[in-house]
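Participant: Before I ask anything, here is the structure I am working with.
The values are calculated or read from the model by the stated rules, or taken from the named source; none is laboratory data. Treat the numbers as computed from the prediction; the structure is a model and nothing was measured. Reconstructed Cβ throughout: ideal geometry from the backbone, glycine too, with neighbour counts over all protein chains shown.
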Amino acid sequence: MTGEVKAAYRATLLQRIERSLRQGALVGLSLTGALLVASGLALGCNTAQADAMQEEVQMSNVVMDLGGSSITLQLNDNSAVRDLVSRLPLTVELEDFGHGAERIFYLDHELDYSEVKAGSDASAGTVAIYRPWGNVCIFLRAGNPSRDLITLGHISEQDVAKLKQAKLGEVTLHQ
């Protein structure tokens with residue numbers, strides 16, 4: 001495995017562990033322990049695993065063009081995300097929800113939920129589907145956890161700031 005692929009794999013794995021720790025999913029596991037596990041896994045993977053990880057990373061980044069700027073949605077690998085990505089490029093109507101708490105948009109068809117689990121913490125930057133209404137929501141500030149939310153991924157703090165300032169209306173999603 002090349003050093004570049006190994007570094008990309010390790011960085012992605014560390015981001016996932018950090019996100020899980022922030023979301024409380026790895027209760028009882030210290031950050032140090034998680035990083036040691038990640039380092040061992042990254043060093044112990046074979047070329048095929050590294051290639052698969054690289055493919056997944058490429059597939060999971062979706063760009064939202066906001067007119068004069070853009071943000072990157074860093075999406076998890078699951079059936080709903082793969083379904084969403086298969087529909088790209090996609091033009092949607094970005095709306096405000098909750099007086100600046102979220103930016104939302106609706107899809108024309110329900111996503112494939114066969115591999116997802118419901119329940120999300122709705123922290124700032126979380127990208128999720130609110131299943132009862134079928135809208136994609138991007139949280140600009142923390143909301144209440146809900147079993148009706150299905151986490152798709154997240155955006156960075158910098159992209160949260162950009163999205164807060166962006167004009168509402170038509171936006172385009174693409175890879």
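Participant: Identify all residues within region 116-155 that are touching a helix residue (DSSP H, G or I) at 6+ places or on another chain (Cβ under 9 Å), touching a residue at least 60 places away in the same chain (Cβ under 8 Å) and closer than 19 Å to Y106 by Cα; write none if there are none. Don't jump to the end; show me each part of the working.
Facilitator: Taking region 116-155 and keeping what is touching a helix residue (DSSP H, G or I) at 6+ places or on another chain (Cβ under 9 Å), we get 116, 121, 123-125, 129, 136, 138-141, 150, 152-155.
Filter again for touching a residue at least 60 places away in the same chain (Cβ under 8 Å), leaving 121, 123, 138, 150, 152-155.
I138, I150, L152, G153, H154, I155, listed by residue number.
Participant: Collect the residues in region 161-175 that are within 12 Å of G67 (Cα to Cα) and in contact (Cβ under 8 Å) with a residue 60 or more places away in the chain, keeping them in residue-number order.
Facilitator: From region 161-175, those within 12 Å of G67 (Cα to Cα) are 162-163, 165-173; that's our starting set.
Of everything in region 161-175, those that are within 12 Å of G67 (Cα to Cα) and in contact (Cβ under 8 Å) with a residue 60 or more places away in the chain turn out to be K162, L163, A166, K167, L168, G169, E170, V171, T172, L173.
Participant: Which strands (runs of 3 or more DSSP E) sit wholly inside region 67-132 and have at least 3 residues that are β-branched (V, I, T)? Talk me through it step by step, then tell me what you get.
Facilitator: Numbers: elements: 70-75, 90-97, 102-106, 126-130.
By residue number, 126-130.
Participant: Considering only residues of region 90-109 that are of a type in the set (D, E) and at pLDDT 95 or above, which is nearest to the chain's Cα centre (by Cα)?
Facilitator: Going residue by residue through region 90-109, those that are of a type in the set (D, E) are 93, 95-96, 102, 108.
Adding the requirement that they be at pLDDT 95 or above leaves 93, 95-96, 102.
Values: E93: 19, E95: 19, D96: 19, E102: 15 Å.
By that ranking, first place goes to E102.
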